[in-house]
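Novice: One structure, pasted below without further comment.
The values are calculated or read from the model by the stated rules, or taken from the named source; none is laboratory data. Quick caveat, the model's predicted, so the values are computed rather than measured. Positions of Cβ are generated from backbone atoms using ideal geometry, with glycine treated the same way; all protein chains shown enter the neighbour counts. Surface accessibility is based on the protein's heavy atoms, side chains included, excluding ligands, DNA and RNA. Shrake-Rupley method; radii C 1.70, N 1.55, O 1.52, S 1.80 Å.
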Amino acid sequence: MAQGTILSIREKPQGHSVDIGFLDVGCTPEQLQWIGQYVDHIVEPGWNYDIPDIDRQPKYPKALVSRPFLPEYFPGYEVYIWIDADAWVQDWSAIYLLALGAKRKGFAIVPELFAKHSTRSLRHAWIALQYSRYFHYTDFAGLEIEPLLNAGVFSGTERSPHWSAWSRRLSQAIYNCLDILTDQFALNVAIYKDLGLDRVELLPLSCNWLANYQELLWDPRRRLWVDPSSPHTPLGIVHISGQAKEKPTHIVPTTEGFRVETYLSYPIEKLTSVKRYDYVSANQKRVNLDPCFPFLAAIDPQSHPWPHVRREVPHLWYADQRQPGIGFVSRDEAHILYNTALKLQGKNALEIGCWLGWSTAHLAAGGVILDVVDPALADPQIYGSVDQSLRSAGVRSNVNLYPGHSPAKVEEIAKTENRRWSLIFIDGDHTSPAPLQDAQVAERYAAEDALILFHNLASPDVAEGLNYLRDRGWNTMIYQTMQIMGVAWRGNVKPVEHIPDPAVNWTLPEHLKDYPVCNLELSRVLEKVKSFTLLGFERLWSLYSLAKQVCEEDIPGNFVECGVCRGGSSALLAWVIKNYSRRPRKLYAFDTFSGMPDPTEVDRDYRGVAANDTGFGSGALAAPISENLEVIARELGVWDLIVPVPGLFADTLPAYREQVGEIALLHADADWYQSTMDIFHHFYDQVHSQGFIQIDDYGHWQGCCKAVHDFEQEIRAFFQLHSVDYSGVWLSPSENWLVVRDGLTEISKSERIRLSKINVGLFPYWEMETEQLIQELEGLLEPILRSPQPEDYALIFLGDPDPQLANQTLEIAAGNIALRLMEEGLELSREPFCSVVAGLNPYQWERLIPQLNYRYPLKRERFPKGLRPAIQKLPVLLLAS
């Protein structure tokens, strides 16, 4: 383990200039030869004390009892930092704090603070027992309640009094007992009893993170160990202490809510720290149901007897600890189920084979009404376990559990319940002819628009079911997952998109070679473009999805990217054209390619920092075409589809308007206010009404955000901005809200915010008691409809979060009043304008509010974020009843 300790220092830039000393207590010549390449001093320590039975003592305690003498073994240094050989440096901040702490108070160390023991009294009793082995009670009285200071990592200055105090107490302790903890408890007595805790700098736990006591959390994106508490700062020194050394690998949680099987030691040479891990396709929505399955455990698949287990796939394989021989769907596979169910919320679904409910819970969490058939449910213990897990997940009311065998039980349910299923998951008996029979009964009772999923297609027997549906004319596809999933679909449904793990060298068994694999090539493309773009996955995926939709729906127009940088996103868009477009298209790539233009005062980041002070200002991000865009485009085979246009937007966009022609997809990645305005001024009118515009920097750069809303104001419209991530948004001109006044152009209700002489804002909490809200709305509508000029009124309703519910509620209230007035013989020839407005963000509402004359208060209201004060300043509309 000392190799990892040494390399974790030397392989960091700051570690090149520090001196390393090594205490040799029994290394082989070969080991010393390796160590000598990296350390400055190798010293073989003596015993330093009169040791009882010294000839029978092992050599390793020499290193422990020599630590109070570090300044003598390695003279001439201002600060000494000790790190046990079972610890390693992950982040240099720990070394910085150790050095700083020693200079401040002479000695720095980390206390053991954790909740390992079930009660505090047990912990105190254990510490008292250890002290009693080395000292008389009068020497340590009261210390059992103090935090134990861990001697695995510490620092001290050359002249610190702590060395001599420690040495004296260690001599006293050795007389009573010499073992692996003697020197640590001697140090604690020296600090607490002789010197005082105020003369020691106590450092944060991250400077000596004890793996056997404190939970470890892995951040897969940064590939770092981090503090489990938010904001998950990197650990400085990882200490593989105590029982943590007993297992070669550990299964630990990740910041994404999943798990990895990993080594805790420093990754030497090319050995990755992660052995097996949870993978979930990055485009999919996440859910974590682990707490609902208390016996869930990651199981080593290497010893599993089933011949079709894909042991070579490095994903975690889960099972129930009570029945470890029967696996669950993997994390990736469970999310395919969950995301598929989300697309079919409220529809009937069927699961054939649920085992202990892991897959069941993921399907039900997606919102389908689920019937489950499994003979194992006849066992009261299994039924009870499934029932409890589903209740814990909050989905039990949407699941019907049926003990029984498919296909007979499926036939019975379909006939007695008159059931047709839109989603069917087949994961029952995996031996022929059962999968084929399951597929046949599934087809008989599938809805016209239906999707059927299979698990464990690594088995040829299971593939018989998918083959049957393919031969019957269903669309079919493979998902490359640990055990291979497959999907068959027909009618007006589409399977979910899935990106295979790009870190796996995927293969298909011979019996599946003729099937298309979902996004296998895209997975490789995304890996290639990553190093040629600053866009994160979310924005890349959004661009890909919008571009693919354009191609599949055959929306006319070219693709345009304004702001290319290194060209990764341009190449991705061109790749979509090559693989999906039904018509010829080009990708026009506009950029200076020589660096960012000058920003203006309004160009600040989301924190308010001026653009030129961020490192991304004027002249930044230069990317010559021949070294960047052309390289990745040629690698993807799409260079012939790209038209690079170098120069400032103000010059190039108007010059190329005619050549570009109609635009199906516009990617605006311009950062600055003026550049974004140039894009909208020159290209917005050329975007097809059903096309898309993605704006990369809306949330990050204030100038870009301001340009979007200033342009909205110019065209008297509000964009429906769909969020991609913290910064990116996209819109479609077909969804714009146009602001029109009475007597102007007639357009469909869904596209307008109608204004009139008296404009009234209403902000209902639509989910409240419907009857009460309807009565309140009737109280507004009735006097308006009875007024001489109802068309003078425009009622603007906040429709979020459910505009469909808002419209339904409003229609009920209006219908009630209309019926009442007609019963009185009043003719309703005119009515107020009503606009149920949804999808606007607070910036847009802030611009709309000044156009309102009044507000109409309701008992329960919901306001756009941050705008309650502005809305409540509006005059209240008072109407005579």
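Novice: Enumerate the pairs (first residue in the stretch 316-333 and touching a residue at least 12 places away in the same chain (Cβ under 8 Å) and closer than 17 Å to P253 by Cα; second residue anywhere and of a type in the set (D, E) and outside any helix (DSSP H, G or I)) with beta-carbon separation below 9 Å, excluding pairs fewer than 6 apart on the same chain, so at least 6 apart or on different chains.
Specialist: L316/E261; L316/D278; W317/D300; S330/D278; R331/D278; D332/D278; D332/D501
Novice: What single numbered condition from (1) without any contact (Cβ under 8 Å) to a residue 60 or more places away in the chain; (2) farther than 20 Å from F425 by Cβ; (3) in a loop (DSSP other than H, G, I, E, B) fails to hold for D501?
Specialist: Going through the list (1) without any contact (Cβ under 8 Å) to a residue 60 or more places away in the chain; (2) farther than 20 Å from F425 by Cβ; (3) in a loop (DSSP other than H, G, I, E, B), D501 breaks only (1).
Novice: Starting from the stretch 286-301, keep only residues that are at negative phi, then list their pairs with residues that are surrounded by 15 or more Cβ atoms within 10 Å (Cβ to Cβ) and polar (S, T, N, Q) whose Cβ atoms are within a distance under 6 Å, requiring at least 6 positions of separation or different chains.
Specialist: Taking only residues 6 or more apart or on different chains, the pairs are C292/S389; C292/S392; F293/S389.
Novice: Among all residue pairs at least 6 apart or on different chains, which show Cβ distances below 7 Å where the first residue, located in the stretch 617-636, is more than 13 Å from S594 (Cα to Cα) and hydrophobic (A, V, I, L, M, F, W, C) and the second is assigned to a helix (DSSP H, G or I) and open to solvent by 40 Å² or more (accessible area, probe 1.4 Å)?
Specialist: I632/K528; A633/W639; L636/K528
Novice: Additional query: Which of the residues spanning the stretch 447-490 are part of a strand (DSSP E or B) and open to solvent by less than 10 Å² (accessible area, probe 1.4 Å)?
Specialist: Answer for the stretch 447-490, where residues must be part of a strand (DSSP E or B) and open to solvent by less than 10 Å² (accessible area, probe 1.4 Å): A450, L451, I452, L453, F454, I478, Y479, M485, G486, V487, A488.
Novice: Determine whether Y263 is open to solvent by 50 Å² or more (accessible area, probe 1.4 Å), of a type in the set (S, T, Y), free of Cβ contacts under 8 Å to residues at least 60 places away in the same chain and over 22 Å from D429 (Cα atoms).
Specialist: yes
Novice: For the stretch 234-252, how many residues are open to solvent by 20 Å² or more (accessible area, probe 1.4 Å), more than 29 Å from the chain's Cα centre (by Cα) and not basic (K, R)?
Specialist: The number of residues fulfilling the criteria is 3.
Novice: Checking the conditions here, which among S359, S385 is out of contact with any helix residue (DSSP H, G or I) (no Cβ under 8 Å at 6 or more places or on another chain) and buried (at least 19 other Cβ atoms within 10 Å of the Cβ)?
Specialist: Criteria check complete, one pass: S385.
Novice: Follow-up question, since we're still on this one. Given (1) touching a strand residue (DSSP E or B) at 6+ places or on another chain (Cβ under 8 Å); (2) open to solvent by 20 Å² or more (accessible area, probe 1.4 Å), identify the lone condition not met by R286.
Specialist: It is condition (1) that R286 fails.
Novice: Here is a follow-up. Quick one: which residue in V638, V631 is over 23 Å from I555 (Cβ atoms), surrounded by 15 or more Cβ atoms within 10 Å (Cβ to Cβ) and among the hydrophobic types (A, V, I, L, M, F, W, C)?
Specialist: Step by step, each of V638, V631 is checked, and only V631 is over 23 Å from I555 (Cβ atoms), surrounded by 15 or more Cβ atoms within 10 Å (Cβ to Cβ) and among the hydrophobic types (A, V, I, L, M, F, W, C).
Novice: Just to confirm my filter: which helices (runs of 4 or more DSSP H) fall fully inside the stretch 761-851 and include at least 3 residues that are free of Cβ contacts under 8 Å to residues at least 12 places away in the same chain?
Specialist: Ranges flagged: 803-823.
Novice: Moving on. If you go through the stretch 567-585 one residue at a time, do you hit one that is under 20 Å from D651 (Cβ atoms), charged (D, E, K, R) and in contact (Cβ under 8 Å) with a residue 40 or more places away in the chain?
Specialist: no
Novice: Between residues in the stretch 218-243 that are touching a residue at least 24 places away in the same chain (Cβ under 8 Å) and residues that are open to solvent by less than 70 Å² (accessible area, probe 1.4 Å) and in a helix (DSSP H, G or I), which pairs lie under 6 Å by C-beta distance while being six or more apart or on different chains?
Specialist: So the pair list comes out as L235/S206; G236/S93; G236/A94; G236/S206; G236/C207; I237/A94; I237/C207.
Novice: Only one residue in N579, N612 is more than 26 Å from the chain's Cα centre (by Cα) and under 17 Å from I499 (Cα atoms), so which one is that?
Specialist: Result: N579 is the single residue among N579, N612 that is more than 26 Å from the chain's Cα centre (by Cα) and under 17 Å from I499 (Cα atoms).
Novice: Taking the stretch 798-813 as the search range and keeping residues that are hydrophobic (A, V, I, L, M, F, W, C) and in contact with a helix residue (DSSP H, G or I) (Cβ under 6 Å, 6 or more places away or on another chain), which one is surrounded by the most Cβ atoms within 10 Å (Cβ to Cβ)?
Specialist: A813
Novice: Same structure again: Among the candidates V550, V560, which residue alone is buried (at least 24 other Cβ atoms within 10 Å of the Cβ), touching a His at 6+ places or on another chain (Cβ under 9 Å), farther than 23 Å from F649 by Cα and touching a residue at least 24 places away in the same chain (Cβ under 8 Å)?
Specialist: Result: V550 is the single residue among V550, V560 that is buried (at least 24 other Cβ atoms within 10 Å of the Cβ), touching a His at 6+ places or on another chain (Cβ under 9 Å), farther than 23 Å from F649 by Cα and touching a residue at least 24 places away in the same chain (Cβ under 8 Å).
Novice: A follow-up question, please. Using the structure shown, decide if L350 is modelled with pLDDT of 95 or more and closer than 21 Å to A446 by Cα.
Specialist: Criteria met by L350.
Novice: Continuing with this model, one more query. Any chance the stretch 417-439 includes a residue that's touching a residue at least 24 places away in the same chain (Cβ under 8 Å), buried (at least 23 other Cβ atoms within 10 Å of the Cβ), over 25 Å from Q284 (Cβ atoms) and touching a Pro at 6+ places or on another chain (Cβ under 7 Å)?
Specialist: Within the stretch 417-439, one or more residues are touching a residue at least 24 places away in the same chain (Cβ under 8 Å), buried (at least 23 other Cβ atoms within 10 Å of the Cβ), over 25 Å from Q284 (Cβ atoms) and touching a Pro at 6+ places or on another chain (Cβ under 7 Å).
Novice: While we're here: Kindly evaluate P234 against the criterion of being within 19 Å of T5 (Cβ to Cβ) and at pLDDT below 90.
Specialist: No: the conditions fail for P234.
Novice: A further question on this structure: Being among the charged types (D, E, K, R) and within 30 Å of S542 (Cβ to Cβ): is that true of D290 here?
Specialist: yes
Novice: Can you tell me which residue in the stretch 1-20 is modelled with the lowest pLDDT, limited to those that are part of a loop (DSSP other than H, G, I, E, B) and surrounded by 11 or more Cβ atoms within 10 Å (Cβ to Cβ)?
Specialist: Only one residue fits best here, namely M1.
Novice: Grab the strands (runs of 3 or more DSSP E) fully contained in the stretch 147-229, keeping just those with 1 or more residues being open to solvent by less than 10 Å² (accessible area, probe 1.4 Å) and aliphatic (A, V, I, L, M).
Specialist: 149-157, 224-226
Novice: Mind listing whichever residues of the stretch 611-621 are surrounded by 15 or more Cβ atoms within 10 Å (Cβ to Cβ) and in a loop (DSSP other than H, G, I, E, B)?
Specialist: Selection gives T614, F616, G617, L621.
Novice: Conditions: (1) open to solvent by less than 30 Å² (accessible area, probe 1.4 Å); (2) among the β-branched types (V, I, T); (3) more than 18 Å from I180 (Cβ to Cβ). T138 meets all but one. Number of the miss?
Specialist: Condition not satisfied by T138: (1).
Novice: Would you please list the contacts, defined by Cβ atoms under 7 Å and residues six or more apart or on different chains, that run from a residue in the stretch 452-481 that is farther than 25 Å from L522 by Cβ and touching a residue at least 12 places away in the same chain (Cβ under 8 Å) to a residue that is surrounded by fewer than 24 Cβ atoms within 10 Å (Cβ to Cβ) and of a type in the set (D, E)?
Specialist: Short answer, once both residue conditions are applied: R472/E443.
So that you can scan it fast, the table gives a plain yes or no per residue for (1) of a type outside the set (K, R); (2) under 18 Å from N288 (Cα atoms); (3) touching a residue at least 60 places away in the same chain (Cβ under 8 Å):
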position: H335; (1), (2), (3): yes, yes, no
position: E351; (1), (2), (3): yes, no, yes
position: I369; (1), (2), (3): yes, no, no
position: V399; (1), (2), (3): yes, no, no
position: V410; (1), (2), (3): yes, no, yes
position: R444; (1), (2), (3): no, no, no
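Novice: Kindly indicate which of W489, W506 is touching a Leu at 6+ places or on another chain (Cβ under 6 Å), under 28 Å from P435 (Cβ atoms) and without any contact (Cβ under 8 Å) to a residue 40 or more places away in the chain.
Specialist: After ruling out the rest, the residue left standing is W489.
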